[in-house]
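*Asks:* Here you go, one structure.
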Amino acid sequence: CLFTFLCQRSRESAEGGRVIVEVDDKVAKVRNIKVDSRLDGTWDSRDKTVAFSFDYCYWSVDPEDPKYASQEMVFQDLGTSVLSGAFRGYNICLFAYGQTGSGKTYTMMGTPVSHTIHFTLRAEGGTFLEIYNERVRDLLKQSDRKKPYTLRVREHPETGPYVQGLTQRLVTDYRQVVELLEEGIAKRNNLPYLYFSLQAILENNLPSEIASKINLVDLAGSERADPSYCRDRITEGANINKSLVTLGIVISTLAQNSQMFSSCQSINTITSEGENSHVDSPSVGSISGTRRPAYIPYRDSILTWLLKDSLGGNSKTIMIATISPASSSYNETMSTLRYASNAKNIINKPRVNEDANVKLIRELREEIDRLKTMLMSFELRNSSPSWSDDRDGNLTELVLQNEMKVCMIYLML
């Protein structure tokens, strides 16, 4: 996973609120206003700031500031990696989390002049949905006003969770993707979660195609995870709270499991070194077997169920944490940064989405190229004719065998 912190100008700071956030390269420092407000000088200076490190940190508060990060800069760092990963056949997920008004939607969608993601692929299937009160609504279809949220989430044993009956539009260029986004946004009810997905088909010279998926997720404001939110709208508040709290539990549990896996690998390495040195040490099985990976409650909410692959699964995931630099948002800022810092520990298992036969052909071609390179190298050196001839004959035979395997696979497809 890749984790990004983005500090943007907020209404509070624009109205003269005190700025308590500082960005130093890849570290975000937050001034502790609880300590800062004390009159005595007994506190250690290190207690006055809390630091969080991320893969990228952006300062988007003042356009006149030399450190100011524009939308284009964010795209160059994140958008290009999203596209390059998709072109290589990986599933990609980019989702934004943070306080309402801190810049989540702007970061994800851009502006009419400058959109966040700009690309051209041969063909894709685009879907757009929103989640409200633990129900799914199709934003590319004219829904029944009486029952707009009737779609169900299912799970395929190979491809993972999906929404049954969701409209999928064929798009072939950037303009059509933007039109799809604009159509869905126009139909949204300004409700918590937006989930835009593109199924990309990648052309190659093999007998099959490589598919990838790009998911863009705009989450609800992080302050809505507070039980006191939406007291006047009990059902909405409870469901928003459920989704965000469940997301927090999933992230926390995945992080714990990933840390446990890393610890087991370290123990395995130490044990192997001990065996090589003839030093008695406890077996890995007895250590790692004392604790099993914790259950991940993906299905406890629609949001986490749909994000199952993106969190700990087959996906390259980018999380963008957006915050306000104003002192009045201190509690939400700290909550968001702790949330993102915890999520950094999650280990995903991304893999290229390609047919097994296509993968075999690709590997055989790579092996053929490697053997041909070795043949050329031996021919150029030719230091020992008798040995070289035998070796050349063996390499030539291997090349022919691999080329025959490729031909046989083509015939079977």
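*Asks:* For residues that are modelled with pLDDT of 90 or more, open to solvent by 10 Å² or more (accessible area, probe 1.4 Å) and assigned to a loop (DSSP other than H, G, I, E, B), tally how many sit in region 290-306.
*Replies:* 3
*Asks:* When you go through (1) more than 27 Å from G313 (Cα to Cα); (2) at pLDDT 65 or above one by one for S252, which number turns out not to apply?
*Replies:* (1)
*Asks:* Open to solvent by less than 20 Å² (accessible area, probe 1.4 Å) and either farther than 24 Å from G221 by Cβ or polar (S, T, N, Q) (or both), is that true of S70?
*Replies:* no
Residues checked against (1) part of a helix (DSSP H, G or I); (2) among the acidic types (D, E); (3) under 15 Å from the mean Cα position of the chain (by Cα); (4) surrounded by fewer than 18 Cβ atoms within 10 Å (Cβ to Cβ):
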{"residue": "K308", "(1), (2), (3), (4)": "no, no, yes, no"}
{"residue": "N314", "(1), (2), (3), (4)": "no, no, yes, no"}
{"residue": "T317", "(1), (2), (3), (4)": "no, no, yes, no"}
{"residue": "S328", "(1), (2), (3), (4)": "yes, no, no, yes"}
{"residue": "N331", "(1), (2), (3), (4)": "yes, no, no, yes"}
{"residue": "L337", "(1), (2), (3), (4)": "yes, no, no, no"}
{"residue": "N342", "(1), (2), (3), (4)": "yes, no, yes, yes"}
{"residue": "E367", "(1), (2), (3), (4)": "yes, yes, no, yes"}
{"residue": "K372", "(1), (2), (3), (4)": "yes, no, no, yes"}
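*Asks:* Hey, T111 hits all of (1) in a loop (DSSP other than H, G, I, E, B); (2) β-branched (V, I, T); (3) at pLDDT 85 or above but one; which does it fall short on?
*Replies:* For T111, the exception is condition (3).
*Asks:* For region 355-364, which positions are at pLDDT 75 or above and open to solvent by 80 Å² or more (accessible area, probe 1.4 Å)?
*Replies:* E363
Residue by residue, here is whether (1) open to solvent by 80 Å² or more (accessible area, probe 1.4 Å); (2) at pLDDT 70 or above holds:
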| residue | (1), (2) |
| --- | --- |
| N353 | no, yes |
| W387 | yes, no |
| D392 | no, no |
| C407 | no, no |
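*Asks:* Another one. Against the definition (modelled with pLDDT of 65 or more and surrounded by 12 or more Cβ atoms within 10 Å (Cβ to Cβ)), how does T116 come out, yes or no? Reasoning before the result, please.
*Replies:* Working: modelled with pLDDT of 65 or more: no; surrounded by 12 or more Cβ atoms within 10 Å (Cβ to Cβ): yes.
For T116, the condition - modelled with pLDDT of 65 or more and surrounded by 12 or more Cβ atoms within 10 Å (Cβ to Cβ) - is not met.
The values are calculated or read from the model by the stated rules, or taken from the named source; none is laboratory data. Only a predicted model underlies this, so the values are computations on that prediction, with no experimental measurement involved. Reconstructed Cβ throughout: ideal geometry from the backbone, glycine too, with neighbour counts over all protein chains shown. Accessible surface areas use protein heavy atoms only, side chains included; no ligands, DNA or RNA. Shrake-Rupley method; radii C 1.70, N 1.55, O 1.52, S 1.80 Å.
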